[in-house]
1. Points 7 angstrom from Cα along the Cβ direction at Asp377 and Thr341: gap in nanometres?
2. Could you tell me what a quarter of the Cα convex hull surface of segment 210-254 works out to, in nm² with one decimal place?
3. Compute the acute angle (0 to 90°) between the alpha-carbon long axis of helix 319-329 and the principal axis of greatest extent of the alpha-carbon atoms of the chain; round to the nearest 10°.
4. Dividing the Cα convex hull volume of segment 224-294 by residue count, how many Å³ per residue is that?
5. If you take the beta carbon distance between Val327 and Glu49 as r and set R0 to 41 Å, what does 1/(1 + (r/R0)^6) give as a FRET efficiency, to the nearest 0.05?
6. Which of the peptides 313-319, 372-378 is most tightly packed, and how do the rest follow, judged by the mean count of other Cβ atoms within 10 Å per residue?
7. Per 5 Å bin, what is the whole-percent P(r) computed from every C-alpha pair distance within segment 141-300?
8. Using 7 Å Cα-to-Cβ label points, what is the Arg363/Glu212 separation (nm, one decimal)?
Amino acid sequence: MRLLFTSLGSFGHTFPLVPLAIAARDAGHDVVFATSEDFLPQLTKAGLETAAAGLAIKDAFGQAFAESGPPGPRRPPGEIPPEVLGPIVAKVFGEVMPKQFVSDLLPLFEHVRPDLVVSEAGNSGGAFAALKAGIPVVAHGFGRVSSEDPMVTRIRDAIREHGATLGIEVGEDLAFSGPFVDICPESVQEPGFLAWAHRVPLRPVGWSEPGELPAGVLDKRRPLVYLTLGTAMGHAGVLGAAITGLSGLDVDVLVATGPTVDPAVLGEVPENVRLEAWVPQSELLPHVDLVVHHGGSGTTLGAFGAGLPQLLLPQGADQFSNADAVVAAGVGSRLLGPDVTAEAVASQARHLLTDTAVRDATRALAADVAAMPSPADVAAQLPAFA
């Protein structure tokens, strides 16, 4: 069977699909993965055949700002008023990127002739293109589904409007025809989503570019705390406060600064803190005792599977919804905005490292994740969806 996977070009939207794409290839299917050109090298390292489609998210925002953004110098998203940023975000995810994906995928379908399209849930353009071409489509989630965030509502409205221009009617819940491969454990998934979805559970198996673990991870002598604010919304002030708070504990701290924070801005760090621009997260998590992070879906789900307590410092997007789920499940806590101080981070981290109720909750959730079907199990189901 010929399969075409497609996702928005970002770590959080592309990497969750890689394990199923690899499993489908290993099962003997012909697999092509289509996303923005800047992410094709990552997929090539996973041994997948690739094709360029769509825009890089940063380029899509550049286009949207050029067309409707505020005049004057470009400002970071956190400094743009919500009433200005909201319509731009909706335009990017609801119109600019879907339009480009449809334009690029339709001729690609003529060449690849897929029997089934697996389209990442954030990439409505992948679903629209498949529906226009009359090809069965399966949605693939990247984390917990958020339904109450005002920004999500804006994006969904824009998607419905764009679908209408293509002659495609999209329901209130964006339930495109076909199943939804869900990598979020049912116990922490959004109840409204569970009520309507044709859900195909899939164990969240982390994938990251292969690499060596930093020194000291495999032979650690005391608890190891992993600190990251992800790849898209790094904030030097938040990272600095967290480093200060964690460094005062009897732990070692491994910090992944990511592409948006210059380590030089953080200055000299204490001896028990190690800064790395990047780490192979999926390989690192089994060796960690606590994760302090932004609340991105990949890190949140990875910590669920590894049975780790989490302290979330959400910055935007679905991170607030993920923080709500972590707190509700009893597997962690969160600090928001001005509450992110060195003292608060230290206090919460100390509690999460020692509280037996949190430890028991993380183990129970890890067991839920382990019981979910593997990528090989779900790959075996894909022919039925075609």
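1. Using points 7 Å along Cα→Cβ, the separation is 4.7 nm.
2. 3.9 nm²
3. Result, in degrees: 70.
4. 77 Å³
5. Here the calculated transfer efficiency is 0.50.
6. Details: 313-319: 22.9, 372-378: 17.6.
Listed from highest to lowest mean packing, they are 313-319, 372-378.
7. Whole-percent P(r) values from 0 Å outward: 1, 8, 15, 15, 15, 12, 11, 9, 7, 4, 2, 1, 0.
8. Calculated label separation equals 3.5 nm.
Values quoted throughout were computed directly from the atomic coordinates according to the rules given, and no laboratory measurement underlies them. Predicted model only: the values in this text are computed from it and were never measured. A quick note on method: Cβ atoms are made from the backbone with ideal geometry, for glycine too, and the neighbour counts reach across all protein chains shown.
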